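Worksheet for the structure shown next.
No lab work stands behind these numbers, since they all come straight from the coordinates. Since we're looking at a predicted model, the values are computed, not measured. Note that we place each Cβ from the backbone using ideal geometry, even for glycine, and neighbour counts take in every protein chain shown.
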């Protein structure tokens with residue numbers, strides 16, 4: 001057990017993180033974009049829709065007057081690039097995770113791609129100018145996450161905005177691999193997830209859900225292990241991190257998320273004290289304890305999004321498989337997430353069936369909201 005009594009969670013969907021810490025006798029302070037009913041601990045709203053660390057977050061922390069030596073800060077969103085917010089956060093507590101400088105280097109894909117090429121790590125081709133094959137090109141943003149800013153190229157979108165670039169579209173299934181690492185450059189693989197995306201009003205490829213405990217062959221695992229080793233050894237990554245990739249005839253690296261991701265909660269039970277405390281311990285104590293034998297069931301989830309602006313007037317906490325529950329009479333904007341539907345089973349086919357049944361129950365309950 002770590003001695004600090006205040007744990008600050010900063011992100012844009014941190015309900016599961018707060019639940020992972022609920023067993024501790026600690027003060028949990030959530031600074032989130034959403035004011036979900038099922039979040040554990042104190043709630044403070046960050047007006048930024050992506051929950052990035054910005055001046056609003058600093059203002060909240062300043063008002064709380066926390067003891068710096070008695071406070072840990074866990075960030076699972078991006079940092080605004082206006083200034084070095086990592087250093088600002090450090091004035092209010094010990095930041096558990098990768099620093100802003102490392103994150104910004106990893107997010108600049110145009111520069112990162114040069115390092116990947118030297119390591120023979122496959123990634124989709126990137127272009128400085130648009131090609132004629134419009135169906136095979138994406139426009140991506142180096143600093144966006146969760147699929148935000150990803151759109152299919154069309155000729156009327158030829159001019160790029162700042163931080164955008166063209167990338168070849170690779171047809172295949174998207175996955176993510178989670179790992180935990182420490183300051184000694186040691187790491188353990190946590191698990192591999194199948195990733196799902198949806199088209200919303202914000203993006204053509206919005207992250208919408210995942211399924212845990214996917215198995216790959218030894219050759220694929222060896223390749224991914226070498227990829228993780230490259231990032232840990234060259235960028236000194238600490239805590240829980242994730243790598244997104246596409247699997248076709250070979251593995252294509254998509255991006256690295258140098259932070260706790262929204263799929264981590266599916267592996268909460270393989271850590272003695274939960275995934276967030278494991279993240280903290282890996283940084284404070286270099287502890288990488290992972291008990292994969294405890295992962296006895298496949299878990300999956302799907303985020304539901306609204307197709308129009310509506311008011312939620314129905315209680316969803318009657319369902320034990322629903323999380324990220326919106327408060328009654330809250331507005332849900334077009335393309336915004338409504339809630340998360342969860343399922344688990346020892347069998348992949350069964351877990352998919354359970355998930356679909358659970359989604360159907362919720363859709364029948366939310367008849368006033370058109371759901372994607």
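To make sure I understand, if each residue's beta carbon is the centre and we count other beta carbons within 10 Å, what order do 56, 18 fall in, fewest to most?
Working: 56 16, 18 22.
Ranking 56, 18 by Cβ neighbours within 10 Å, fewest first, gives 56, 18.
For labels at residue 297 and residue 370 in the simple 7 Å Cα→Cβ model, what's the distance in nm?
Output for this residue pair reads 3.6 nm.
Extending each Cα 7 Å along its Cβ direction at residue 233 and residue 65, get the distance between those two points in nm, one decimal.
Computed distance between label sites residue 233 and residue 65 equals 5.1 nm.
In Å and on Cα atoms, what radius of gyration and Dmax does the range 208-352 show?
Considering the range 208-352 through its Cα atoms, Rg and Dmax are 17.9, 51 Å.
Computed FRET efficiency, Cβ-Cβ of residue 161 and residue 115, R0 22 Å: what is it to the nearest 0.05?
It comes to 0.35.
Using the alpha-carbon centroid of each, what span in Å lies between the range 263-300 and the range 68-86?
Taking the Cα centre of each part, the range 263-300 and the range 68-86 sit 22 Å apart.
Order of 266, 1, 211 from fewest to most other C-beta atoms within 10 Å?
Ranking 266, 1, 211 by Cβ neighbours within 10 Å, fewest first, gives 1, 211, 266.
Plugging the Kirkwood radius over Cα pairs into Stokes-Einstein for the range 56-180, at a temperature of 4 °C and a viscosity of 1.567 mPa s, what D comes out in µm²/s? Walk me through the intermediate numbers first.
Values: Rh = 17.2 Å.
Estimated via Stokes-Einstein, D reaches 75 µm²/s.
Over the range 301-372, how many percent of alpha carbon pairs lie in each 5 Å bin up to the one with the longest distance?
Histogramming the range 301-372 at 5 Å steps yields 3, 18, 28, 25, 14, 7, 4, 1 percent.
Grab the Cα-Cα distance for residue 360 and residue 5, subtract it from 0.36 nm times how many residues apart they are, and report the gain in nm with one decimal.
123.7 nm
With a 10 Å Cβ neighbour count serving as the proxy for reagent exposure, in which order, fewest first, do 221, 254 appear?
In increasing order of surrounding Cβ atoms, one gets 221, 254.
Where is the GNM fluctuation largest for the chain (alpha-carbon springs, 10 angstrom cutoff): 329, 217, 12?
217
On a C-alpha basis, how far is the centre of the range 29-58 from the centre of the range 308-372 in Å? Whole number, if you could?
Measuring centre to centre over Cα atoms gives 21 Å.
Quick one: if the Förster radius is 35 Å, what FRET efficiency do residue 317 and residue 84 give, using the C-beta to C-beta distance and rounding to 0.05?
In this case the efficiency is close to 0.30.
Considering the alpha-carbon set of the range 3-92 alone, what are its Rg and its Dmax in angstrom?
Spelled out, the Cα radius of gyration and Dmax of the range 3-92 are 12.1, 36 Å.
Run the helix sum for the chain: -39,500 (n - 2.57) per DSSP H stretch of 4+ residues, divided by residue count, reported at 222 nm to the nearest 500 deg cm²/dmol. Walk me through the numbers before you get to the answer.
Values: 8 runs with 85 residues, N = 372.
Rounded to the nearest 500, it is -7000 deg cm²/dmol.
Expressed in whole Å with the largest first, what are the equivalent ellipsoid semi-axes of the chain derived from the C-alpha gyration tensor as the square root of 5 times each eigenvalue?
Semi-axes (√(5λ), whole Å): 28, 26, 23.
For the range 155-214, compute Rg over Rh where Rg is the Cα radius of gyration and Rh is the Kirkwood radius from the inverse mean 1/r over Cα pairs.
That ratio is 1.11, to two decimals.
First check a/c for the range 104-294, with a ≥ b ≥ c the square roots of the eigenvalues of its C-alpha gyration tensor; if it is under 1.5, answer rounded, and if not, answer prolate when a/b is larger than b/c or oblate otherwise.
prolate
Given contacts defined as C-alpha pairs under 8 Å and at least six residues apart, what's the relative contact order of the chain, whole-number percent?
Working: 767 pairs, mean separation 51.2, N = 372.
The value is 14 percent.
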